[in-house]
Amino acid sequence: MIVAEQKPLDEIKGLLGEAQTVLVVGCGTCVTVCFAGGDKEAGILASSLRMASRIDGTPKDVTHITVQRQCEVEYIDPLADSIRQADVVLSIGCGIGVQALAERYPDKVVLPGLNTSFLGLPSEQGVWEERCAACGSCILGVTGGICPIARCAKQLLNGPCGGSQGGVCEIGHETPCAWQLIYDRLNAQGRLHLIEELQPAKDWSTSRDGGPRRITREDLRLAAEAAE
Amino acid sequence: MTDLPAASTNGFKSGSRLEKVLRAGHFAVTGELGPPQNADPEIIRKKARLLLGACDAANITDNQTAIVRMSSIGAGILALQEGLEPVIQMTCRDRNRLAMQSDILGAYALGLRNLLCLTGDHQSFGNHPTAKNVHDLDSVQLIQMVAGLRDKHAFQCGDAIKGIEPRFFIGAAANPFGDPFEWRPIRLGKKVKAGADFVQTQLIYNVERFAQFMERVRKLGLHKQVYILAGVGPLKSPGMAKYMRDEVPGLDVPNHFVDRMTAAGEGIDKEDKKARNEAFRREGIKIAIELVQQMRQIEGVAGVHIMAIEWEEAVRPIVEGAGLFPRPEVTAARMAEPAAQG
Ligand code: SF4
Ligand code: SF4
């Protein structure tokens, strides 16, 4: 899932500036699961902003609403009325949700209330960890199901750097070395030969480096046309 | 060591002094020169003069520990002008494959002949922790690219080089003490397969463990395919020894060296800092000499790489103390214009 965390309240206040009526829009998908931008967080944020604005002596009218999926037009279409009434929209969806709202309501100021952090999973209660960097050309098949692009601090493809020590990455005490994990798993599976092969220079053109990406599925387009 | 594959064209892969020393079967000595965090050429010249004659070639570090310094190639040219043969270090952290290849062409055109391919320390260690890191290639892929430029006359993309190709003596690094320990010889094997001609190891203090590593290396036959230079560095003080033991990832400093360094200062008035420092440094050099001698006994070790950053004066006494002075004469590499004048 997409993992995000809320921006500091002061930063959000700065973004809102003089706006009088603010609509906080939560999202019911990934950011709900990571407790950053669901309905509960939207409610708490709205009330914190109301309170803060009262303390500052410039009370704002802050309300909140949550949609099931902020990244799809069908789900944000019904927000038209509420959005019309607000000076600004504060999205606490991921960066995609913010942009979907801004695209759908181009006249509105849409602001981000979260920092979208990474694609990952909850590893234990209250801890989320990155797992994928969406490189567009998945190599998990040769790395024992552990991603060195997202999880090695140097995106190495041919084994651990010299800084790997005791299972920990050289960058710090809590980050496991991805290559130690890869080694351990392949060793246990008797498949170490996979990482003994030279992994050639990666084609990064499928990654962000190739420019904004887009997938077109002609089969689905044709099916949609046929249905019309 | 003479059973290493014969090189092409003129008989040498690069014609560097380091290559010739190793090919002739001498026990090689490389040093290390850290460029300054400014643009002062005198600093390089001074350090180069300290190392000249004490080693066959000296590594010029590339933004070592992710701190911005004079470029390795720029400083390397200055060293070459002083008569010291540089080993240019190149990390994958700061440049993508385009920048690396263009720098490699430039470095060769200026007369540089040895290139050490490295991953690079993470930028969070240095003075620009908010920087974006590159890692377009990893060190194994960098070696492959430099070997391709030389042996296939082709850029990384496959396009042929029309004209003079850069012919470097290709170095790699190995950390025998990095984890997973059992896999380190395999990783070294990957670097050899990628095209490394020589390998310099991380600083070694735990000789026993290094000997285990070398045993595995010999079993894989790697010592017959690549020249292995064991990393040795003089300890400066008990504090440095402790710091290296406890804080530096990938280093293994046994306690008895910490104890020896501490004992070296005993009996000297704590207030007499100068006398204590001198005693520590004498002991550090003594330990380094012993380490060099122990490395020489290990089958498959073709030389030592002496790292005495910011203490370049130490290299000469270590080399002398280990009986490796004077360094052998070999016909130096053909030098480019600036070097010929220097
Ligand atoms: S290899 Fe690429 S696609 Fe696969 S998990 Fe890693 S970043 Fe994601
Ligand atoms: S220590 Fe491991 S995870 Fe960290 S940069 Fe090195 S190889 Fe990658």
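Are there trypsin sites (Lys or Arg not before Pro) in segment B:126-214 that DSSP marks as loop and that have at most 11 other Cβ atoms within 10 Å, and which are they? Numbers along the way, then the final one.
Working: sites: B:K132, B:R150, B:K152, B:K162, B:R167, B:R187, B:K190, B:K191, B:K193, B:R209; in loops: B:K132, B:K152, B:K162, B:R167.
Passing both the DSSP loop test and the Cβ count: B:K132, B:K162.
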inquiry  = Run the simple label-point estimate for A:T216 and B:V68 please: 7 Å along Cα→C-beta, distance reported in nm.
reply    = 4.3
note = Output for segment B:163-257: GluC sites (Glu not before Pro) sitting in coil per DSSP, at most 10 other Cβ within 10 Å, listed by number, reads B:E247
ask   = Simple spin-label model, 7 Å along Cα-to-Cβ: B:R245 to B:K46 in nm?
value = 3.3
note = Over the Cα atoms of the protein assembly as shown the radius of gyration and the largest Cα-Cα distance (Dmax), both in Å, equal 28.9, 95
ask   = Taking a label point 7 Å from the Cα of B:E313 along the Cα→Cβ vector, which residues of segment B:13-56 have an amide N closer than 12 Å to it?
value = B:50
message = Give me P(r) over segment A:158-216, computed from all C-alpha to C-alpha distances, binned every 5 Å, as integer percentages.
response = 4, 16, 17, 15, 17, 16, 11, 5, 1
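Can you give the FRET efficiency for B:Q212 and A:Q99, using 1/(1 + (r/R0)^6), R0 = 60 Å, r = Cβ-Cβ distance, to the nearest 0.05? Each step should come with its number before you reach the end.
Details: r = 55 Å, r/R0 = 0.92.
About 0.60, to the nearest 0.05.
Say R0 is 45 Å: what FRET efficiency, to the nearest 0.05, do A:Q125 and B:A263 get from their beta-carbon distance?
Values: r = 50 Å, r/R0 = 1.11.
Approximately 0.35, to the nearest 0.05.
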request  = Please give every one of the lysines within straight-line cross-link reach of A:K202, meaning a C-alpha to C-alpha distance under 28 Å, and leave out same-chain neighbours fewer than 8 residues apart.
outcome  = A:K154, B:K13, B:K132, B:K152, B:K162, B:K190, B:K191, B:K193
query = Per residue of B:118-128, how many C-beta atoms from partner chains lie within 10 Å of its own C-beta, taken as a mean?
reply = 3
message = Quick check: convex hull of the Cα atoms in chain B, volume per residue, rounded to a whole Å³?
response = 137
key: Whichever lysines have a C-alpha closer than 22 Å to that of A:K40, once near sequence neighbours (fewer than 8 apart) are set aside   = A:K7, A:K13, A:K60
ask   = Among all the lysines, which ones have a C-alpha under 29 Å from B:K46's C-alpha, if same-chain residues fewer than 8 places away are not counted?
value = B:K20, B:K236, B:K273, B:K274, B:K286
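At 0.36 nm per residue, and after removing the present C-alpha to C-alpha distance, how many nm does the segment from A:T58 to A:T175 gain when stretched out fully?
Numbers: separation 117, 0.36 × 117 = 42.12 nm, distance 4.40 nm.
Computed gain between A:T58 and A:T175 is 37.7 nm.
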message = Using +1 at the C-beta of Lys and Arg and -1 at the C-beta of Asp and Glu, which of A:G38, B:M90, B:L222 has the Cα lying farthest in the positive direction of the dipole of the protein assembly as shown?
response = B:L222
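Which net charge results when you count Lys and Arg as +1 and Asp and Glu as -1 among the other residues whose beta-carbon is under 14 Å from that of B:K219? Working shown, then result.
On the way: positive: B:R184, B:R216, B:R218, B:K224; negative: B:E182, B:E215, B:E299.
Local net charge: +1.
Kindly provide the trypsin sites (Lys or Arg not before Pro) of segment B:227-285 that DSSP labels as loop, not H, G, I, E or B, and whose Cβ sees at most 15 other Cβ atoms within 10 Å.
Working: sites: B:K236, B:K242, B:R245, B:R260, B:K270, B:K273, B:K274, B:R276, B:R281, B:R282; in loops: B:K236, B:K270.
Loop-located and lightly packed - B:K270.
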ask   = How many nm is it between the label spots at B:S124 and B:K224, if each spot is 7 Å from the Cα in line with the beta carbon?
value = 4.3
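Can you list, largest first and rounded to whole Å, the semi-axes you get for segment B:149-306 by taking the square root of 5 times each eigenvalue of its Cα gyration tensor? Don't skip to the end; give the middle numbers.
Numbers: eigenvalues 282, 63, 35 Å².
Semi-axes from the Cα gyration tensor: 38, 18, 13 Å.
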Difference of contour (0.36 nm per residue) and Cα-Cα distance, B:H256 to B:A24 = 79.9 nm
query = Can you work out the FRET efficiency for the pair A:R50 and A:E72, with r the C-beta to C-beta distance and R0 = 35 Å, to the nearest 0.05?
reply = 0.75
query = For segment B:205-241, list residues with backbone N below 20 Å from a point placed 7 Å from the Cα of B:E290 toward its Cβ?
reply = B:205-212, B:230-241
ask   = What average count of beta carbons from other chains do you get within 10 Å of the Cβ of residues in B:168-175?
value = 1
query = When the helix-only estimate is applied to chain A (DSSP H runs of n ≥ 4, each -39,500 (n - 2.57), divided by the residue count), what is the mean residue ellipticity at 222 nm, nearest 500 deg cm²/dmol?
reply = -9000 deg cm²/dmol
ask   = Mind checking the dipole of segment A:2-118: about its Cα centre, +1 per Lys or Arg Cβ, -1 per Asp or Glu Cβ, Debye to the nearest 20?
value = 200
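Every number here is computed from the coordinates shown, using simple stated rules; none is lab data. The structure displayed is predicted, hence computed values, not measured ones. Glycine gets a Cβ as well: all are built from the backbone with ideal geometry, and neighbour counts include every protein chain shown.
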